[in-house]
Amino acid sequence: MSSLIKNVGTIGGLTMVSRVFGFARDMLLARVLGAGLAADAFQLAFTLPNTFRRLFAEGAFSVAFVPMYSRALHGEGGEEEAAKFADDVLSIFLWVLLIFSAIMMIVMPGIVWLLARDFQEVPGKFDLAVFLSRLTFPYLGLISLVAMLSGLLNARSRFAPGALAPVLLNIVLIAGITVGWWLRGDSHDDRIVATALAVSVSLAGVAQLAYLIRAVRRAGLRLHWRLPKLTPEVRKLGMLILPATFGAGIYQISQFVDTFFATSLPQGSLTLLKLADRLNQMPLGIVGIALGTAILPMLSRHIHSGDAAEAQRLQGNAFEIATLLTLPAAAALAICAPAFVTAFFVGGRFTDADGAIMAQIVAALVAGLPAYVIVKILNPGFFAREDMRTPVWTALAALIVNIAINLYVVERYGIVGLAGATAVSASLNCILLYAVLHRRGWFHFTAKLAGKIARQLVAVAAMSALLWWMMPMMAPWYGGGVFDRIWSLAALVGAGGAVFFAAAFLVGALDKDLVAMLTRRRAKPGATEE
């Protein structure tokens, strides 16, 4: 468990840095563009390559490529066999990316029409969305290559470069907002800011790829571009990627579904949903992506060596860490959503009315936060065994439920109902995945794990009671000056965190061995974790 915590700490810590920069980016974006025509058009343009990135590059490709590359690396062929496999994949992958990106840019008007046909009802909005989408889409090819290079390093337990690369994206986007704001001047033409942002997305992909190429070379790895050759291993990878695209990406596919429904709602709804998801993505990225990235190569090694007990232990440990961090995060975000939204986003062109709606969206989204993260832990149990079919079927069931709920709630509850439907479908996917793992004997709840989660819930209840009491008492300061906003949020976070971890320790949800490992101290000899 200590190595798992170390890897999760590395990935999560660097992801947190990226999320902080991403938060700064969205705060600037809200103040400069607000929730209007140009903001909606850019959010759609950014959603397309960004969702494909999560779905294909960091989702399906990574979960299929890393286990196969790890097996080659640790097999009889060693470095030579792994290098040959990587070169063969790159030779095919590069051409697939180029052809796919070219086709998508040509048919972009049709893609935008499918996702946001109601944009046509606002003069200029549809055409701007198409123009911006063509500017941003090259990012997909660039970041897909970044994902492959990150996979090479992750298989060697070098997680830092891949986790640090997103920081570059947010730094470049912040620069893009600043340049666009300067170019706009007093013209109040938001299209100038949106265009500068769209260009900066693709420039960010160039920066990330350059950084990963340097990191791979520093690790002593060399990739060679050669004529495409469809080897049996590459063909097998392709067969694994197709179902994994769906199985690993229910959250991302749901984003397309949500985008479709959000664009049919009043102007600004899509922007509010995307900004609300930024708050949801903070713990999801720091905990969920970190755990999923760290556990996959480790789980693959245990399974390929036939050590089922260690595989069970690893997933159990990851599950405990996930709930320890996401249960309080979800409760705190749901209760304190008005405070966070007001303090971080309200100002400039982002109004109090926008903030009130966004706070409701955040509360609905984070209801599914534990499920979003736990799915990242359960899916590797299938991917490490090269079973891509099962996550497809569970994801399909969850997606169908998501669409059915949306058809009912969007008309009645608007954008908030849409966010709630996403949380429900993610929870269903989580339940189905665990049921299959348990039935096959690949992972099961132990009495110790269930007891720890029950104790965590007691600590969450204590924290929630405190936050519920503090929220109205401190309301006058959330929208005040910069200092008032900072200290009022710091008081909420500090008090809530102190009560949760104190209560968790008192009730036994946070035992001494886990504290020792979280603080990088040696646990007591003979201590075990399930």
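Taking only segment 370-396 into account, find how many residues are of a type in the set (D, E, K, R) and in a helix (DSSP H, G or I). Qualifying residue count for the region: 2. Inclusion of residue 311 among residues that are surrounded by 23 or more Cβ atoms within 10 Å (Cβ to Cβ) and at pLDDT 80 or above is not warranted. For segment 333-358, a residue qualifies if it is under 19 Å from residue 467 (Cα atoms) and out of contact with any Phe, Trp or Tyr (no Cβ under 8 Å at 6 or more places or on another chain), and the qualifying residues are 334, 336, 337, 340, 341, 356.
Of the residues making up segment 148-162, those that are open to solvent by less than 10 Å² (accessible area, probe 1.4 Å) and either closer than 19 Å to residue 49 by Cα or out of contact with any helix residue (DSSP H, G or I) (no Cβ under 9 Å at 6 or more places or on another chain) (or both) number 1.
What number of residues in segment 425-454 are open to solvent by 70 Å² or more (accessible area, probe 1.4 Å), farther than 20 Å from residue 320 by Cβ and in contact with a helix residue (DSSP H, G or I) (Cβ under 6 Å, 6 or more places away or on another chain)? The qualifying residues number 0.
Answer with yes or no whether residue 396 is within 26 Å of residue 65 (Cα to Cα) and modelled with pLDDT under 90.
Working: within 26 Å of residue 65 (Cα to Cα): yes; modelled with pLDDT under 90: yes.
In short, yes.
Do we have any residue at all in segment 471-481 that's modelled with pLDDT of 90 or more and open to solvent by less than 80 Å² (accessible area, probe 1.4 Å)? Yes, segment 471-481 contains at least one residue that is modelled with pLDDT of 90 or more and open to solvent by less than 80 Å² (accessible area, probe 1.4 Å). Residues that are more than 23 Å from residue 452 (Cβ to Cβ) and of a type in the set (Ser, Thr, Tyr) were ranked within segment 323-358; the one that is most open to solvent (accessible area, probe 1.4 Å) is 351. When residues in segment 487-507 are screened for being surrounded by fewer than 16 Cβ atoms within 10 Å (Cβ to Cβ) and under 15 Å from residue 337 (Cα atoms), 3 of them pass.
If I filter segment 260-278 for residues that are under 28 Å from residue 125 (Cβ atoms) and at pLDDT below 75, do I get at least one hit? For segment 260-278, residues under 28 Å from residue 125 (Cβ atoms) and at pLDDT below 75: absent.
Residues that are small (Gly, Ala, Ser) and in contact (Cβ under 8 Å) with a residue 24 or more places away in the chain were ranked within segment 185-215; the one that is most open to solvent (accessible area, probe 1.4 Å) is 207. In segment 175-184 there is at least one residue that is out of contact with any helix residue (DSSP H, G or I) (no Cβ under 7 Å at 6 or more places or on another chain), surrounded by fewer than 18 Cβ atoms within 10 Å (Cβ to Cβ) and either over 29 Å from residue 21 (Cα atoms) or modelled with pLDDT of 85 or more (or both).
Looking at residue 457, is it touching a residue at least 12 places away in the same chain (Cβ under 8 Å), in contact with a helix residue (DSSP H, G or I) (Cβ under 8 Å, 6 or more places away or on another chain) and open to solvent by 60 Å² or more (accessible area, probe 1.4 Å)?
Details: touching a residue at least 12 places away in the same chain (Cβ under 8 Å): yes; in contact with a helix residue (DSSP H, G or I) (Cβ under 8 Å, 6 or more places away or on another chain): yes; open to solvent by 60 Å² or more (accessible area, probe 1.4 Å): yes.
Spelling it out, residue 457 is indeed touching a residue at least 12 places away in the same chain (Cβ under 8 Å), in contact with a helix residue (DSSP H, G or I) (Cβ under 8 Å, 6 or more places away or on another chain) and open to solvent by 60 Å² or more (accessible area, probe 1.4 Å).
Scan segment 311-337 for residues that are out of contact with any Leu (no Cβ under 7 Å at 6 or more places or on another chain), farther than 13 Å from residue 504 by Cβ and among the β-branched types (Val, Ile, Thr) and the total you get is 0. When 399, 510 are checked against the criterion of being within 20 Å of residue 368 (Cα to Cα) and either open to solvent by less than 40 Å² (accessible area, probe 1.4 Å) or in a helix (DSSP H, G or I) (or both), a single residue qualifies: 399. Contact map, segment 486-501: first residue over 23 Å from residue 458 (Cβ atoms), second residue modelled with pLDDT of 90 or more and crowded, with 19+ Cβ neighbours inside 10 Å, Cβ cut-off under 8 Å, separation 6 or more or different chains; pairs are 488/339; 489/339; 489/340. The set of residues from segment 99-142 being open to solvent by less than 60 Å² (accessible area, probe 1.4 Å), of a type outside the set (A, V, I, L, M) and under 26 Å from the mean Cα position of the chain (by Cα) comprises 101, 133, 136, 137, 138, 139, 141.
Scoring residue 95 on the criteria (1) modelled with pLDDT of 85 or more; (2) touching a Lys or Arg at 6+ places or on another chain (Cβ under 8 Å); (3) within 19 Å of residue 230 (Cβ to Cβ) leaves a single failure, condition (2).
The values are calculated or read from the model by the stated rules, or taken from the named source; none is laboratory data. The shown structure was predicted, so the numbers you read here are calculated from the model rather than taken from an experiment. Don't worry about glycine lacking a Cβ; one is built from the backbone with ideal geometry, like all the others, and counts go over all protein chains shown. Side chains are part of the model used for accessible areas, which takes the heavy atoms of the whole protein and leaves out ligands, DNA and RNA. Shrake-Rupley method; radii C 1.70, N 1.55, O 1.52, S 1.80 Å.
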